[in-house]
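Student: The structure's right below; bear with me while I get my questions together.
The values are calculated or read from the model by the stated rules, or taken from the named source; none is laboratory data. A quick note: this is a predicted structure, and the numbers were derived from the prediction, not measured. Heads up, the Cβs are rebuilt from the backbone with ideal geometry, glycines too, and the neighbour counts pull from every protein chain shown.
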Amino acid sequence: MGSRLRVLFLFLVLAALVAACAAPGASVAPSAPPPSPSLAASPGAPAETTYPVTLTDDAGRSVTIDHAPQRIVSLAPSNTEIICALGACGHLVGVPDYRVGYPRDVLRAIKNVPAVVSYGPVDREAIVAAEPDLILAAGNELTSSDDIKALADLGYPVLALYPESLDEVSADIELVGTALNAGSEAAAITADMARRVAAVEDAVTGSDRPRTFYEVSIFEGTIYTAGKDSFLASLVDTAGGDPILGDARTTAISLEDLVSADPQVIVLGDAAYDESITARAVAKRQGWDGMTAVQEGRVVPLPEDILITRPGPRIVDGLEALARAIHPEAFE
Amino acid sequence: MRTAVAAGEARPLRIGLSITRSVAVLGGTALMLAVILVLGVGLGSTQVSVGDTAAILAHRLLALPTPQTWPATAETIIFDIRLPRVLTAMLVGGGLAMAGTVFQALLRNPLADPYVIGTAAGASLGAALGIVAPLLVPALAIGAGSELLGLGVVQLLAFAGGLGTVLLVYAVARSAGRVQVITLLLTGYAVSSVLAAMVALLMFMSGRALGAIFGWLMGSLANASWSALGFATPLLLVSFVLLLARWRRINLLLLGDAQAASLGVDVEREKLVLTMLATLATSAAVAVSGTIGFVGLVVPHLLRLLIGPDHRLLLPASLLTGAGLLVLADLGARLVPGGGIPVGVVTALVGAPFFLWLLRRSRLTRVDLGA
Amino acid sequence: MTVAVAAPIAAFRGVRFGYPRHGREPLEVLRGIDLELRAGELLALLGPNGSGKTTLLRLLSGALRPEAGAVEVASRPVGEWPRLALARQVAVLPQHLELPEGFRVAELVAMGRAPHARRLFGSTAEDERAVERALQDADALDLADRYPHELSGGERQRVLVAMALAQEPRLLLLDEPTLHLDLAHQVALLQRLRQLHAQRKLTVLAVLHDLNLAAAFAPRVVLLDDGRVAADGPPGEVLTPETIQRVFGVATEPVVTQDGRRHLALAVD
C-alpha cells in the first residue's frame with residue numbers, strides 16, 4: 001500500500017505542477033487581430049468551406065464534418081484560444097476547467113460554458129450532454145487516445161491538434177478555420193503571425209547566438225528544459241538563441257551537462273508560477289554561480305510562460321518575449 | 001459443566017449453514033447491489049430524468065417497444081457511457097473481492113490481496129509497455145489502435161502480463177513438486193519488485209504518456225466499454241463458478257496442507273488450480289480497469305467478520321459485496337466535477353479508514369482476521 | 001471370528017525413507033521397516049526422538065512416498081489409492097493442528113465428512129448422523145456450538161478426535177495425542193480411544209511417549225530405534241529394562257503394583 005500511496009502523492013504533485021504551469025498571474029490583451037464578429041468569410045478570402053468536408057488532423061486521422069459547426073467542445077486551452085481568435089467563441093459548449101491565462105474577452109466568453117475536462121480523463125457524459133457537432137482535442141495523450149477513440153466511436157467529429165512548430169501552429173489555425181468555415185479569418189491571423197515572426201528573425205539575424213538555457217522547471221533536483229527537436233527548442237532557436245538541449249524524451253538535463261554547456265543566457269520559464277524562482281535565487285544554487293549567464297547578470301525571469309506553453313495564436317507573443325530576453329539589444 | 005443429552009430432548013445439531021441464514025445473507029447483499037446499481041445508472045455528472053432512464057433501459061435491454069420520447073443524447077449517456085461503466089465496476093469489484101477471498105485463504109495471510117503474488121506488477125508492466133512502446137518505436141503506433149477480443153493493445157498486454165507473471169512466480173516458487181506458501185509470497189514480492197522497477201523506468205522514459213500510465217496505475221473505470229465487458233464477463237463468470245464449486249476444498253486448506261491432504265485433497269494441485277482461477281479473474285478485472293486497490297483486501301475481511309469464514313457463503317457474498325462497493329465508489333469518483341477522479345483514489349481514501357475501524361472492532365470481538 | 005486369518009489393514013514391507021537435503025545425501029530416517037497391522041488392532045508406536053515414528057505415520061497417510069519397499073493399506077499400495085478413497089480408510093490426528101477461527105466446532109467436525117461428500121453444497125442426513133455420533137463418541141457434543149478460541153487444551157483434543165471420527169476411517173493414526181494434556185486428560189483420552197476401538201472396530205495406531213501409559217493402553221507395542229523395528233509384541237515382552245536401556249539409553253527398574261500390574265520406574269542415581 002505504501003508504494004501505491006507514494007505513487008498517488010507523486011501524481012498529485014505533478015498535477016499541481018501542471019496546474020501551476022497553466023496558471024500565470026495577469027492576463028494580457030490579445031495581440032492577434034481582433035476577432036471578426038461572425039463566421040462568414042469576407043470577400044476575396046480563401047474559398048468558403050463546402051460541407052461535408054473531410055480534414056486530416058495532427059494524429060493523421062481523417063475526420064468528416066457534415067455542416068458548419070454550431071456547437072463546439074474544446075478540450076485544451078490552446079484550442080479555445082484558436083476558436084475564439086476565429087470569432088467562434090459563442091459556439092463553445094464545453095471547455096477545459098482551468099480558466100486562467102486567457103485574454104480578457106476569451107475569459108468573458110467562456111465564463112459560463114460548462115467544463116468538460118479537468119486533469120485526467122474527460123467527462124464523457126458532460127460532452128454528450130453538450131451535444132457538440134465538433135470536438136477539438138489535444139494530441140499526444142494530453143487528451144488520452146482512449147478518450148479520443150471513445151468520442152469518435154460515439155459518432156462525433158474529433159480533431160486532435162498538437163502543433164510542434166510555429167508553422168504547425170499556423171497550419172492548425174487554418175485547419176480549424178476550414179472546419180469552422182472561417183478560412184479568411186484564419187488566413188488573416190496566420191499572415192499576421194508570419195509577419196511578426198519574420199520581424200523577430202530580422203531583428204536577431206546577424207547578432208551572436210548566445211547559448212541559451214530555458215528552465216521549464218526544477219523538480220526534486222531534476223532540471224527540465226527544452227528537449228532535443230522540441231517546439232520549445234525551435235522557439236529559442238528562432239528567437240536567436242542557441243538552445244541548450246535536454247533529453248529528447250524526458251527533457252531533463254543533468255547539472256553537470258548544464259555546467260559544461262555554460263549558458264550565456266538563462267530564461268526562467270518557471271518564474272511565471274513560482275515566486276521563489278528569481279535571478280538572485282539562481283545565483284545561490286549550488287554549482288550555478290560559475291555559469292557565464294549568472295556572472296554577466298543575464299538570468300531573465302519570464303512572467304508569461306503560458307505564451308510559450310500554449311500553442312495558440314498568441315505563440316508569437318511568446319516568441320517575441322523570448323527574443324527580447326535573449327537579445328534585449330535588438331529591441332531597444 | 002456438561003449438558004447431558006437426555007433421550008427425547010432432541011437438540012438440533014447444526015453442522016453447516018442454515019438455509020435461512022444463507023438466504024438472508026445472499027438476499028441482503030444482492031438487494032444492496034441492486035439498489036446501488038440503480039443509483040449508479042441513475043446518477044452521473046449529467047442529469048437524465050428517472051422516467052427517461054427507465055424507458056431507455058426498457059427499450060435497449062428488454063427490447064420493449066416503448067415510444068422514443070427521450071432525447072438521443074440521454075440514450076447515449078445512459079446506454080453507451082453510464083451503463084457499461086456501472087457494469088464494469090460491478091464485474092471488477094466482484095472479481096477482485098472474490099479473488100481476494102481466495103488468496104487470503106490460500107496463502108493463510110490476512111495481508112493477501114488479489115495482487116499479492118505479482119498480478120498487479122505484471123499487468124502494470126504490460127499496460128505501461130502498451131502505452132509507451134508506440135511512442136518509443138513509432139512503427140508500433142500503427143498497431144496501437146487495433147483490437148483483439150474487444151480489447152485494445154494496452155488491455156491485452158495488461159491481461160497477459162498479470163497472468164504470465166503469476167505463472168512465472170509459481171514456477172520459480174515450486175521446488176520438488178511442492179509450493180510453500182511463504183516461498184510463493186516472497187517470490188511474488190521479489191518478482192513484483194523487479195517489474196515495478198521496470199514500470200518506473202518506463203514512466204521515466206514515457207514523457208507525454210506519463211499521465212496515461214499514472215491513470216492506469218491508480219485504476220479507473222473511465223474507459224469502460226461494451227466490448228471490454230464482453231471480454232471480461234465470461235472469464236470472471238467461469239472463474240467464479242469454478243471457485244465456488246471448490247468451496248469445500250478451500251475450507252479444508254484452512255486446516256493446513258497436511259490435514260487437508262489427509263482429508264483427501266490433492267493439495268499441490270488444488271493450490272495451483274485456485275491460484276490460476278483467482279489470477280484469471282484478477283487479470284481480467286485489471287485489464288479493463290487498471291489496478292484498483294483495497295476492494296480485494298477489505299471486502300473479504302469485512303465479510304469474514306460479518307458472516308464467518310465458510311467459503312460456501314463467503315465466495316458468493318464477497319462477489320456481490322465487492323460488486324456493490326466498487327459501483328458505489330465509482331459513483332463517488334464520477335460525481336467529482338470536471339471529469340471525475342480515479343476510482344482507486346476513492347477506494348483507498350474511504351477504504352483505509354474503514355479498514356482501520358474494522359481492525360479495532362475485530363480486536364474487541366476477538367474474531368481473528370485472516371484465515 | 002478369527003483375527004488370525006484377517007488380511008492386514010496396513011503393512012510396511014522393507015520400507016526405506018530419507019528426507020532430501022540440499023547438496024547432501026538424503027537424511028536416512030527409515031532403514032528397512034517390516035510391520036503388519038491387522039484390522040481391529042490397537043497398537044502403540046514408541047521410540048526415541050528421530051527414530052522415525054512420525055515419518056511412519058506420514059507414509060501410511062500418503063503424505064510421503066517410500067524410497068524403497070512398499071506401504072500398503074488394505075493390501076493396496078498407498079500410492080495407488082485415489083486420495084478420497086484413502087481418506088475414507090485412514091484418518092490422522094496430527095501433533096499440531098491450528099483450528100481455523102470463526103468456524104463452530106460442529107462445522108469443523110463436519111469438515112471430517114469431506115471424503116464422503118455427495119452433494120456440491122449441502123450435507124446428507126448420513127453426514128449429520130455421522131457428525132453427531134462422532135461428537136458423542138469423542139465426548140464433545142456439548143462443545144458443538146463453541147468456537148476454537150473458547151476451547152481448553154483437553155476440549156480441543158476431543159474436538160480433533162471427533163473430526164477424525166467423522167471421517168469414519170478404518171484406521172486411525174494418532175501422533176502424540178497426549179502431548180499437551182495433563183495426566184487426567186491423557187488417561188481420559190486413551191480410555192476413550194480404547195472404547196472407540198472396541199465399539200467401532202477401529203484400528204488404532206498411536207505414537208506415544210509415555211512408556212507406562214502405552215503399556216496400560218495398548219495390547220501391542222512397537223519400539224522403533226534408528227529407523228528399524230527394535231521390538232514388537234505385548235508390552236510385557238517389549239518394555240523390558242534391557243530393551244529400554246538399549247534403545248533409550250536410560251536405566252529403569254520394574255515395579256509391581258499392589259494389583260499385580262508391572263510398571264517401569266526410572267532408576268535415577
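Student: Checking the conditions here, which among C:Leu165, C:Leu143 is over 28 Å from C:Ala63 (Cα atoms), in contact with a Lys or Arg (Cβ under 8 Å, 6 or more places away or on another chain) and surrounded by 19 or more Cβ atoms within 10 Å (Cβ to Cβ)? So that I can check it myself, show each step before the final result.
Tutor: Numbers: C:Leu165 fails: over 28 Å from C:Ala63 (Cα atoms).
Going through C:Leu165, C:Leu143 in turn, just one is over 28 Å from C:Ala63 (Cα atoms), in contact with a Lys or Arg (Cβ under 8 Å, 6 or more places away or on another chain) and surrounded by 19 or more Cβ atoms within 10 Å (Cβ to Cβ): C:Leu143.
Student: Looking only at helices (runs of 4 or more DSSP H) that lie completely in the stretch A:221-331, which have at least 1 residues being modelled with pLDDT of 90 or more and over 23 Å from the mean Cα position of the chain (by Cα)? Quick ask: steps written out before the conclusion?
Tutor: Values: elements: A:231-238, A:255-261, A:279-284, A:292-295, A:306-309, A:315-326.
Hits in the stretch A:221-331: A:255-261, A:279-284, A:292-295.
Student: Still on this structure, I have one more. Among the listed residues C:Ala63, C:Ala44, C:Ala117, C:Ala70, identify the single one that is at pLDDT 90 or above and either within 14 Å of another protein chain (Cβ to nearest Cβ) or in contact with a Gly (Cβ under 8 Å, 6 or more places away or on another chain) (or both).
Tutor: Values: C:Ala63 fails: at pLDDT 90 or above; C:Ala44 fails: either within 14 Å of another protein chain (Cβ to nearest Cβ) or in contact with a Gly (Cβ under 8 Å, 6 or more places away or on another chain) (or both); C:Ala117 fails: at pLDDT 90 or above.
Of the residues listed, the single one that is at pLDDT 90 or above and either within 14 Å of another protein chain (Cβ to nearest Cβ) or in contact with a Gly (Cβ under 8 Å, 6 or more places away or on another chain) (or both) is C:Ala70.
Student: Considering each residue of the stretch B:191-241, count those that are in a helix (DSSP H, G or I) and more than 30 Å from A:Arg249 (Cα to Cα), and give that number.
Tutor: The qualifying residues number 16.
Student: Moving to a separate point now. For the stretch C:59-87, how many residues meet the condition of being out of contact with any Asp or Glu (no Cβ under 6 Å at 6 or more places or on another chain), part of a helix (DSSP H, G or I) and surrounded by fewer than 19 Cβ atoms within 10 Å (Cβ to Cβ)? First the steps, then the outcome.
Tutor: To start, the set of residues in the stretch C:59-87 that are out of contact with any Asp or Glu (no Cβ under 6 Å at 6 or more places or on another chain) comprises C:59-82, C:84-87.
Restricting the remaining residues to those that are part of a helix (DSSP H, G or I) gives C:59-60, C:78-80, C:84-87.
Right, trim to surrounded by fewer than 19 Cβ atoms within 10 Å (Cβ to Cβ) and you get C:79-80, C:84-85.
Residues that pass the stated criteria total 4.
Student: Hydrophobic (A, V, I, L, M, F, W, C) and over 18 Å from the mean Cα position of the chain (by Cα): which single residue out of C:Ala206, C:Ala267, C:Ala215 fits that description? Spell out the reasoning first.
Tutor: Working: C:Ala206 fails: over 18 Å from the mean Cα position of the chain (by Cα); C:Ala215 fails: over 18 Å from the mean Cα position of the chain (by Cα).
None of the other options fit; the residue is C:Ala267.
Student: Please work out if C:Arg119 is surrounded by fewer than 20 Cβ atoms within 10 Å (Cβ to Cβ) and at negative phi. Before the answer, list the steps.
Tutor: Details: surrounded by fewer than 20 Cβ atoms within 10 Å (Cβ to Cβ): yes; at negative phi: yes.
Yes, satisfied.
Student: What's the total number of residues in the stretch A:283-301 that are farther than 17 Å from A:Arg211 by Cα and among the aliphatic types (A, V, I, L, M)? Can you show your working first?
Tutor: Of all residues in the stretch A:283-301, those farther than 17 Å from A:Arg211 by Cα come to A:283-287.
Still in the running and among the aliphatic types (A, V, I, L, M): A:283.
Count: 1.
Student: When the stretch C:240-256 is examined, which residues are found to be of a type in the set (Asp, Glu) and out of contact with any helix residue (DSSP H, G or I) (no Cβ under 9 Å at 6 or more places or on another chain)? Even if it seems obvious, please write down each step before you answer.
Tutor: Here is the first cut: in the stretch C:240-256, the ones of a type in the set (Asp, Glu) are C:242, C:253.
Once the filter is applied, which keeps residues that are of a type in the set (Asp, Glu) and out of contact with any helix residue (DSSP H, G or I) (no Cβ under 9 Å at 6 or more places or on another chain), the stretch C:240-256 yields only C:Glu242.
Student: Go through the stretch C:88-101 and count every residue that is surrounded by fewer than 22 Cβ atoms within 10 Å (Cβ to Cβ), farther than 19 Å from C:Glu168 by Cα, in contact (Cβ under 8 Å) with a residue 24 or more places away in the chain and of a type outside the set (A, V, I, L, M).
Tutor: Count: 2.
Student: Which of the residues belonging to the stretch C:90-114 are closer than 16 Å to C:Arg158 by Cβ, within 8 Å of chain B (Cβ to nearest Cβ) and touching a strand residue (DSSP E or B) at 6+ places or on another chain (Cβ under 8 Å)?
Tutor: The answer is C:Ala91, C:Pro94, C:Gly112.
Student: Just wondering, is there one or more residues in the stretch B:263-272 that are among the aliphatic types (A, V, I, L, M), within 14 Å of chain C (Cβ to nearest Cβ) and not in a helix (DSSP H, G or I)? Outline the logic, then answer.
Tutor: Initially, the stretch B:263-272 is screened for residues among the aliphatic types (A, V, I, L, M), giving B:263, B:265, B:267, B:272.
Imposing the further condition that a residue be within 14 Å of chain C (Cβ to nearest Cβ) reduces the set to B:263, B:265, B:267.
Filter once more, keeping what is not in a helix (DSSP H, G or I): B:263, B:265.
The answer is yes; a qualifying residue exists.
Student: Being modelled with pLDDT under 90 and hydroxyl-bearing (Ser, Thr, Tyr) is true for just one of A:Ser31, A:Ser78. Which residue is that?
Tutor: Details: A:Ser78 fails: modelled with pLDDT under 90.
Within the list A:Ser31, A:Ser78, the selection yields A:Ser31.
Student: Still on this model: Identify, from the list A:Ala160, A:Ala85, A:Ala130, the residue that is facing chain B (nearest Cβ under 9 Å) and modelled with pLDDT of 90 or more.
Tutor: On the way: A:Ala160 fails: facing chain B (nearest Cβ under 9 Å); A:Ala85 fails: facing chain B (nearest Cβ under 9 Å).
Criteria check complete, one pass: A:Ala130.
Student: To continue, here is another question. Condition first: surrounded by fewer than 21 Cβ atoms within 10 Å (Cβ to Cβ) and more than 8 Å from chain B (Cβ to nearest Cβ). Now tell me which residues in the stretch A:140-152 satisfy that.
Tutor: Answer for the stretch A:140-152, where residues must be surrounded by fewer than 21 Cβ atoms within 10 Å (Cβ to Cβ) and more than 8 Å from chain B (Cβ to nearest Cβ): just A:Ala152.
Student: What is the one condition in (1) surrounded by fewer than 21 Cβ atoms within 10 Å (Cβ to Cβ); (2) within 14 Å of chain A (Cβ to nearest Cβ); (3) among the small types (Gly, Ala, Ser); (4) more than 21 Å from B:Leu151 (Cβ to Cβ) that B:Ala171 does not satisfy?
Tutor: The one condition B:Ala171 does not meet is (2).
Student: Now a separate question. Which ones in the stretch B:316-332 are in contact (Cβ under 8 Å) with a residue 40 or more places away in the chain and surrounded by fewer than 24 Cβ atoms within 10 Å (Cβ to Cβ)?
Tutor: B:Pro316, B:Leu328, B:Leu331
Student: Which members of the stretch B:337-360 meet the condition of being within 10 Å of chain A (Cβ to nearest Cβ) and over 13 Å from B:Val299 (Cα atoms)?
Tutor: Answer for the stretch B:337-360, where residues must be within 10 Å of chain A (Cβ to nearest Cβ) and over 13 Å from B:Val299 (Cα atoms): B:Pro337, B:Gly338, B:Gly339, B:Gly340, B:Ile341, B:Pro342, B:Gly344, B:Val345, B:Leu349.
Student: Any idea which of (1) within 24 Å of B:Ile213 (Cα to Cα); (2) of a type in the set (Lys, Arg); (3) away from chain B (no Cβ under 13 Å) is the one A:Arg124 doesn't satisfy?
Tutor: Against the list (1) within 24 Å of B:Ile213 (Cα to Cα); (2) of a type in the set (Lys, Arg); (3) away from chain B (no Cβ under 13 Å), A:Arg124 comes up short only on (3).
Student: In addition: Looking at (1) outside any strand (DSSP E or B); (2) within 13 Å of chain B (Cβ to nearest Cβ); (3) under 14 Å from the mean Cα position of the chain (by Cα), can you tell me which one C:Leu174 breaks?
Tutor: (1)
Okay, residues lined up against (1) among the polar types (S, T, N, Q); (2) crowded, with 20+ Cβ neighbours inside 10 Å; (3) outside any loop (DSSP other than H, G, I, E, B):
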{"site": "B:Gly44", "(1), (2), (3)": "no, yes, no"}
{"site": "B:Ala55", "(1), (2), (3)": "no, yes, yes"}
{"site": "B:Ala63", "(1), (2), (3)": "no, no, no"}
{"site": "B:Pro110", "(1), (2), (3)": "no, no, no"}
{"site": "B:Leu135", "(1), (2), (3)": "no, no, yes"}
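Student: Among the numbered criteria (1) touching a Leu at 6+ places or on another chain (Cβ under 7 Å); (2) more than 8 Å from every other protein chain (Cβ to nearest Cβ), which single criterion is violated by C:Arg133?
Tutor: C:Arg133 satisfies all of (1) touching a Leu at 6+ places or on another chain (Cβ under 7 Å); (2) more than 8 Å from every other protein chain (Cβ to nearest Cβ) except (1).
Residues are listed down the side, and each one gets a yes or a no for (1) surrounded by fewer than 24 Cβ atoms within 10 Å (Cβ to Cβ); (2) over 15 Å from the mean Cα position of the chain (by Cα); (3) touching a residue at least 12 places away in the same chain (Cβ under 8 Å); (4) part of a helix (DSSP H, G or I):
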position	(1), (2), (3), (4)
B:Asn251	no, yes, yes, yes
B:Ala258	yes, yes, no, yes
B:Ala261	no, yes, no, yes
B:Leu280	yes, no, yes, yes
B:Ser283	no, no, yes, yes
B:Ala287	no, no, yes, yes
B:His301	yes, no, yes, yes
B:Arg312	yes, yes, yes, yes
